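*Asks:* Before I ask anything, let me first share the structure, which is written out below as structure tokens.
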Amino acid sequence: MTDKNGHGRILAEFEKMRIKHSRLEQAYAVFDNLRKTRRDAPFEPKRWACIFAPTHSGKSTAVRMYLETIVAKDAIVRGLYPADMDPKQIALKQRIVLHISLEGVTNIKNLAQEILRALGGPTKGTTSDLLRLAYDYLNEHNVELLIIDELQHLMREKDKEKDKRGPSEEPTNLTNTLKTMLIRGLVPMAFVGIEEARSVVFNDTQLSGRCIKEIDYSRLDWTIRAEREIFENYCGAVGLKLKQHGLFEHKSDFMSGDVPICLHAASSGRVGIVSRIVEQAALIAVDDGSSQVLRGHLLQAVDLWAIPKNMSPYNLFREGLRKTQVFRR
């Protein structure tokens, strides 16, 4: 690939890549079970599940893939969209499972507005009016699951260690609102965020008691065989995707030699970081006129991207393994 827009094409294709792994199946099963409680016991109090893990662990990607595969297929079966429609378009338009982000959400009114915006409702009005409308819209559209992403935005200021001011009451009010929605039997939920955000929901005993599952998306541990296999298979799949997406003539081998463990050290066991390192290596490889991404390109990507971005403390591709770099929980 030598066209002048090669870098743009690589970046675009990486955004479109979807890689399956066993943790996805676990998340899908939990989401499906929550949705079934909405269908089979619509008027009973609802439960929730969560994914709390470090940034770049694949949390939000798991949600997107669930919407694009399981939910999109359900929407077609229900006759809501034609079978030949792009699943990603269906995922954006469907209202069976609602996925909202709490970026910029600082109070109950913002939360109601985000829900209404996702359901095509009005977003102007008082807090109480908008919250009531949000409840009505969730019921009218028979939303089976509400996935709330970026939950860390509900953390108190003191927990974020930004300053020494007293904590705002809004996070507590927001948490109470979510709890009320569950108790009233409105809709089951899934909370997604970084590890520090776990306290937002688990510090409330009533709310924590309604959790059915904490979905494991923690850093993959090289010393645990099952987790190492997930990581190695992910590395192999990324190499295949480079060819499948037409970016390089030959597949890239990220399964041989020390490549998997070097990528593990560079990413600290986070698959999202693996994709970013390979993406950067692909940009280097295309500038080299290479027909595939090689170990040397990965080495340069760690030097030029992972280390400056504080994703990796050192370059195992060059320096060799340090015992402290074999990640253990």
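*Asks:* Which residue, A83, A91, A266, has the most motion in a Gaussian network model of the chain that connects Cα atoms within less than 10 Å?
*Replies:* Residue with maximal mean-square fluctuation among A83, A91, A266: A83.
*Asks:* Give the aspartates and glutamates reachable from K88 as a straight Cα distance under 20 Å; neighbours fewer than 8 places away on the same chain don't count.
*Replies:* E13, E15, E25, D32, E68, D74, E144, D149
*Asks:* Calculated from DSSP H runs of 4 or more alone, at -39500 (n - 2.57) each and per residue, what is the 222 nm mean residue ellipticity of the chain, nearest 500? Mind showing how you got there, number by number?
*Replies:* Working: 16 runs with 161 residues, N = 329.
About -14500 deg cm²/dmol.
*Asks:* ³J(HN,Hα) across the range 37-48 via Karplus (A = 6.51, B = -1.76, C = 1.60, θ = phi - 60°), whole Hz, x for Gly/Pro?
*Replies:* 5, 5, 6, 8, 9, x, 9, 8, x, 9, 10, 8
*Asks:* Using Cα springs under 10 Å in a Gaussian network model of the chain, which residue among A112, A53, A226 shows the largest mean-square fluctuation?
*Replies:* A226
*Asks:* Take the chain, mark every one of the GluC sites (Glu not before Pro) that falls in a DSSP loop and has at most 14 other Cβ within 10 Å, then report the longest stretch left between them, sites excluded. Show your work: numbers first, answer last.
*Replies:* Working: sites that count: E103, E161, E169, E249.
The longest such stretch corresponds to 1-102.
*Asks:* Could you state the angle between the C-alpha long axis of helix 271-288 and the longest principal axis of the C-alpha atoms of the chain, as a value from 0 to 90 degrees rounded to the nearest 10?
*Replies:* Once rounded, the angle reads 40 degrees.
*Asks:* Continuing with this model, one more query. Name the chymotrypsin sites (Phe, Trp or Tyr not before Pro) in the range 1-100 that are in a loop by DSSP and that have at most 15 other C-beta atoms within 10 Å, would you? Walk me through the numbers before you get to the answer.
*Replies:* Working: sites: F14, Y28, F31, F43, W48, F52, Y66; in loops: F43.
The qualifying sites are F43.
*Asks:* Calculate, axis by axis, the spread of Cα positions in the range 220-325 along the three principal axes, and write the results as whole Å, longest axis first.
*Replies:* Extents along the principal axes, in whole Å: 36, 29, 21.
*Asks:* 5 Å is the cut-off here: which amide hydrogens, built 1.01 Å from N in the peptide plane, fall below it relative to I147, excluding neighbours closer than 5 in sequence?
*Replies:* Close amide H contacts, sequence-distant or interchain: L98, H99, I100, A190.
*Asks:* Further, regarding this structure: What is the ratio of the Cα radius of gyration of the range 22-214 to 2.2 N^0.38 Å, where N is its residue count, to two decimals?
*Replies:* On the way: Rg = 16.4 Å, N = 193, 2.2 N^0.38 = 16.3 Å.
Taking N as the residue count of the range 22-214, the ratio is 1.01.
*Asks:* So which of K36/K59; K73/K213; K109/K309; K109/K241 end up more than 32 Å apart, counting from Cα to Cα?
*Replies:* On the way: K36/K59 22 Å; K73/K213 24 Å; K109/K309 35 Å; K109/K241 42 Å.
K109/K309; K109/K241, as the Cα separations exceed 32 Å there.
Each reported figure results from applying straightforward, stated rules to the coordinates on display, with no laboratory input. No experiment lies behind these values; they were computed from the predicted model shown. With ideal geometry, Cβ positions are generated from the backbone for all residues, glycine too; neighbour counts draw on all protein chains shown.
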